[in-house]
Amino acid sequence: MASKTTIAAAAFAGLTMMASTAGAAPTREQYRLFRALSIDLQGRIPLPDEVADFERPGFDLDGWIDTHLTGPAYAERMRRVYMDLLRLDIGTMFNFVSNPVVLRRVQVMDPSGAPVFVYFRRGQRRDRVESDGDFCLSPAETGVTVAGNGTLSGTAQPIDAAVWAQRTVEVRPWWLYSDYRTASPTLRIGATDQSTMALSPVPGLLTEADGHTPTVTVRVCREEAQTPEQAPMYLSGRIAALPTTVPYPGGRVTAPPTDSAYSRAHPTDMVSCTSGTGVSFAAGCGCGVGLERCMPGTSTTNDPAAFSLPNFVPLGADTPLDNAQQSQGDWTRFWWVQEAVHFLDDLFANDRDVRTMLSDRSTQVNGPLAQFYRSFAGSTCCGGGTQFNYVAPDPLFDPANVPADLTPHQVTTWRRIADRGPHASGILTMPIFLQKYGTRRARAHVLYGAFMCRQFVAENVALTPSTEPNLMVRPGCQACHATLEPMAAYFSRVSESSWTFLPSASFPTFNPACVSTRPNVAPNGGCGTYYDPAFSAGGNGMLRGAYGSPQHADEGPAGIAQVITADPNFAGCVAQNVGEAFLGRTFTADDQALRDTLSTALSSNGFRMRALVRALLRADAYRRANNLDPAAASQGANP
Amino acid sequence: MTNTARTLVVSALVALGCNGTPAARTPAPDAQAPVSRPATDITPTPVTAIPGHESLAQDTAPKEAPRLMPAETLIRSYLTLFGGLSPIAFQTRMRTTTTGEALFDTWADYLSALGIPDYTADIPRAAQTNTLQLAAYERIAVALCERAVQNDLRGAAASAQVLFTFDLPAGRSLTDAEFATRFDVLHRRALGYPAALAPDTRVPRFLALYRSAETAHADAGVGSQRRFTGPEAGWAGVCEGLLRHPEFHLY
């Protein structure tokens with residue numbers, strides 16, 4: 001009796017033999033295989049010329065596969081595997097609205113009585129109480145009141161010419177001129193073809209308040225037009241909040257800001273104008289050359305319209321399916337996703353070690369991302385961190401490593417950045433990952449599933465009331481959290497729903513200044529943000545999230561990348577994810593041999609994905625599977 | 001269930017002497033008590049040990065139903081079928097008309113139905129077909145094929161033809177052989193292999209489809225508002241049949 005292996009080998013011989021090598025016409029199964037390979041490696045069905053090539057005697061299918069394991073379509077195919085697992089996009093429910101970045105605009109009357117837009121940013125420090133932290137022209141001067149939520153009221157009146165000249169200036173901004181960094185910008189952005197990706201301001205940004213005159217300059221509050229990188233601390237002299245008697249000076253309806261304890265303690269310090277602290281503390285910080293440190297908006301609303309961009313790019317950002325006017329936050333969010341897309345494409349196209357997906361300090365940026373990392377990312381820092389003397393961000397992506405020559409208009413120019421900085425770690429420190437998975441636990445959880453192929457499944461226990469804050473020991477919780485909490489601790493130094501890094505120099509894991517003197521009550525508001533009163537012990541407060549493993553907290557995202565990629569199951573999990581994606585089905589116990597083969601192909605080739613995929617495409621599982629005839633299936637046949 | 005697993009089940013049933021007659025059930029004295037059986041009750045037995053199975057050939061290759069083409073691949077394939085236009089240009093071309101019929105909506109209207117994952121809402125990629133998806137296939141096939149007929153079969157130069165890369169004889173109907181030759185062009189384009197390798201019923205069934213559409217439109221008579229001639233309607237129908245064929249979407 002022939003062995004099963006022998007029989008199977010004989011049965012498959014006709015298929016696995018390359019098409020037409022013996023001069024015979026390809027069989028239907030060979031055509032089917034070629035079409036499948038085209039779908040997987042070219043991202044489309046084969047073209048007539050390609051089928052004709054395939055039919056020629058001597059066609060080298062193995063060579064064809066190798067050739068197509070290097071193309072962009074292959075990279076896209078592989079990227080889809082991981083994008084499907086990680087789902088790295090966030091919807092419009094999430095708005096990136098950082099007030100130090102957003103230039104909103106108010107329609108007022110200039111001294112001649114003509115309607116004019118004036119751009120400003122909320123929270124901008126100014127040297128007079130009538131407009132400090134608010135719109136630079138007071139209601140008494142404009143007749144228009146800007147509420148804290150952006151609501152406008154009142155009737156516009158012509159502004160005094162001296163006030164107009166003193167408080168506002170004209171600028172040729174980056175969203176209108178591609179040469180905005182020059183002394184006299186002239187290259188105004190024109191209409192763009194919507195079928196391609198380009199910087200495309202919404203119509204409202206391209207016309208004046210009269211609705212038809214093309215905008216060639218924008219009028220902006222004088223403070224916002226400043227360009228220094230650093231500015232001195234500004235002290236208004238207001239220590240306590242003014243009495244809540246509305247209106248405040250100049251008719252303003254928002255309370256003027258007071259001088260913080262930090263600014264009073266550091267009156268001679270210089271602060272960075274690319275940090276949120278700079279906008280909060282320095283009247284000398286503006287939006288930079290051509291306003292490049294700010295995003296424009298067409299109104300005073302929370303997230304005003306700014307640019308046209310696609311909603312749907314399943315074929316890539318350079319092949320959009322639509323185009324629509326979107327908010328300034330949408331613009332930034334769109335490019336966060338594209339950073340992950342291009343990072344993964346680069347990884348697979350260049351067959352880099354797949355482990356670097358989690359650990360590499362490199363990334364890919366284009367013009368908008370360069371602008372974000374250079375000018376916007378620091379704007380979320382440092383809030384209450386000033387209590388801990390944290391006023392300038394210790395960034396996940398060091399702005400010094402961003403190419404200085406990339407301008408926001410270069411949306412299709414992508415560059416590989418070899419080193420983002422010491423805290424960077426693959427996708428784990430990209431804004432899209434940190435925002436998609438806003439909490440420490442969510443971040444750990446998705447990695448556990450996508451890269452370790454494991455799921456948290458609670459044991460069958462009855463939950464009992466408990467006040468135990470430690471979920472690693474609380475009955476009913478411990479089954480999952482004993483594993484999850486130590487993994488989540490790796491993200492303790494990356495703020496939740498943010499990319500602000502919390503360095504140990506400012507935020508020690510154990511902080512005696514933040515010890516809780518009463519159970520579950522933080523000693524003060526600032527400590528409560530960063531330190532968990534439930535885990536105060538030994539005269540120290542515990543950094544939030546670190547209780548699962550203080551050591552992991554200090555190792556940071558790079559630590560969990562190291563643990564996951566060193567796990568013996570890592571290669572097998574990669575093999576399973578890729579195999580399931582290509583075969584379109586879930587692996588079962590019957591696939592263990594295939595999983596092992598693919599895992600070995602990966603790990604024995606320096607964790608290069610191409611070796612794994614090559615092994616998969618040449619495996620019988622790929623060539624013979626999924627071949628149940630549709631007609632047979634329609635008649636009730638089972639696989 | 002894979003063949004391997006099925007084989008084990010069959011083997012076990014045979015080994016147990018299953019003859020199709022259910023044994024009388026004996027009520028358990030305690031329904032909550034775990035049921036235990038002597039280990040000797042079920043003895044793993046190779047199928048080859050079963051009388052009559054000693055030389056039975058087994059195909060142990062795992063077999064699964066065809067998988068669904070990724071929606072991105074499907075869209076890109078549609079685009080290449082219509083000459084490689086950009087998605088927005090394709091959409092414009094499908095919608096623009098001088099005669100009033102808009103054959104297409106927008107890509108955004110079809111994406112969900114086609115199975116594109118929505119990462120923003122954590123909606124996964126569609127792994128199986130559904131009725132909405134089939135309706136979307138139908139709609140896109142109609143749009144693409146009818147536009148292609150209008151583009152290709154009304155005197156376009158060969159270099160301008162995108163899908164129907166053949167001509168039609170003027171003033172007469174195609175013979176069956178002439179149909180088969182042209183059908184093979186479309187069959188190869190859509191399904192990637194010669195029609196001659198398809199199941200035997202493939203060509204006759206599509207020929208019947210072609211003839212019925214051709215006849216129906218030819219019978220429309222003078223003054224008909226129909227926009228297609230008989231042959232045009234026939235080829236549009238054939239094209240639509242191929243682009244919504246399971247072999248087109250599955251692989």
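The values are calculated or read from the model by the stated rules, or taken from the named source; none is laboratory data. Please read these numbers as outputs of a predicted model, since none were measured by experiment. Don't worry about glycine lacking a Cβ; one is built from the backbone with ideal geometry, like all the others, and counts go over all protein chains shown. Heavy atoms of the whole protein, side chains included, go into the accessibility calculation; ligands, DNA and RNA do not. Shrake-Rupley method; radii C 1.70, N 1.55, O 1.52, S 1.80 Å.
Taking the alpha-carbon centroid of each part, what is the distance from the stretch A:215-262 to the stretch A:285-310 in angstrom? Centre-to-centre distance over Cα atoms comes out at 19 Å.
For chain A, the relative contact order works out to 12 percent when only alpha carbon pairs closer than 8 Å and six or more residues apart are counted.
Karplus-derived 3J(HN,Hα) values for the stretch A:66-80, using 6.51 cos²θ - 1.76 cosθ + 1.60 with θ = phi - 60°, are 4, 4, 8, 8, 10, x, x, 5, 4, 4, 5, 4, 5, 4, 4 Hz; glycine and proline are entered as x. Converting phi to 3J(HN,Hα) with the Karplus coefficients 6.51, -1.76 and 1.60 and the offset θ = phi - 60°, the stretch A:149-165 yields 8, x, 5, 9, 8, x, 10, 5, 9, x, 8, 4, 4, 5, 5, 4, 6 Hz in sequence order, with x at every glycine or proline.
Taking the Cα centre of the protein assembly as shown as reference, the dipole from Cβ charges on Lys and Arg (+1) and Asp and Glu (-1) amounts to some 520 debye. The smallest convex shape that holds all Cα atoms of chain A, its convex hull, gives 213 Å³ per residue.
Mean residue ellipticity at 222 nm, helices only, the protein assembly as shown: -11000 deg cm²/dmol; runs of at least 4 DSSP H residues each add -39,500 (n - 2.57), and the sum is divided by the number of residues.
Based on C-alpha pairs under 8 angstrom that are at least 6 apart in sequence, the stretch A:102-309 has a relative contact order of 29 percent. Applying a 4.7 Å cutoff between beta carbons, the unpaired cysteines of chain A are A:477, A:480. Tabulate in residue order the Karplus-calculated ³J(HN,Hα) for the stretch A:544-552, using 6.51 cos²θ - 1.76 cosθ + 1.60 with θ = phi - 60°, rounded to whole Hz; enter x for Gly and Pro. Here the 3J(HN,Hα) series is 4, x, 7, 5, x, 5, x, 5, 4 Hz. When the stretch A:442-540 is described by a simple charge dipole with +1 on each Lys and Arg Cβ and -1 on each Asp and Glu Cβ, the residue from A:452, A:484, A:535 located farthest towards its positive end is A:452. Positive end of the dipole of the protein assembly as shown (Cβ unit charges, origin at the Cα centre): among A:324, A:418, A:594, the Cα lying farthest that way belongs to A:594. Note: relative contact order over the stretch A:307-463, using C-alpha pairs below 8 Å and six or more positions apart, is 23 percent.
Between residue A:102 and A:295, the built amide H atoms are under 5 Å apart, and every one of these is 5 or more places off in sequence or on another chain.
Fully extending the segment from residue A:454 to residue A:418, taken as 0.36 nm per residue of separation minus the present Cα-Cα distance, adds 9.8 nm. Can you list the residues, at least 5 places off or on another chain, whose amide H is less than 5 Å from the amide H of residue A:207, using H built in the peptide plane? Amide H neighbours of residue A:207, under 5 Å, 5+ apart: A:215. Once Rg and the Kirkwood radius are both taken over the C-alpha atoms of the stretch A:226-291, their ratio Rg/Rh works out to 1.04. When a 1.4 Å probe is rolled over the protein heavy atoms, the share of accessible surface on the stretch A:102-309 that falls to carbon and sulfur comes to 56 percent. Between residue B:123 and B:118, the built amide H atoms are under 5 Å apart, and every one of these is 5 or more places off in sequence or on another chain. Our summary of shape: the Cα atoms of the stretch A:489-606 have principal axis extents of 58, 26, 26 Å, ordered from largest down, in whole angstrom. Among the trypsin sites (Lys or Arg not before Pro) in the stretch A:403-500, those located in a DSSP loop and surrounded by at most 15 other Cβ atoms within 10 Å of their own Cβ are A:454.
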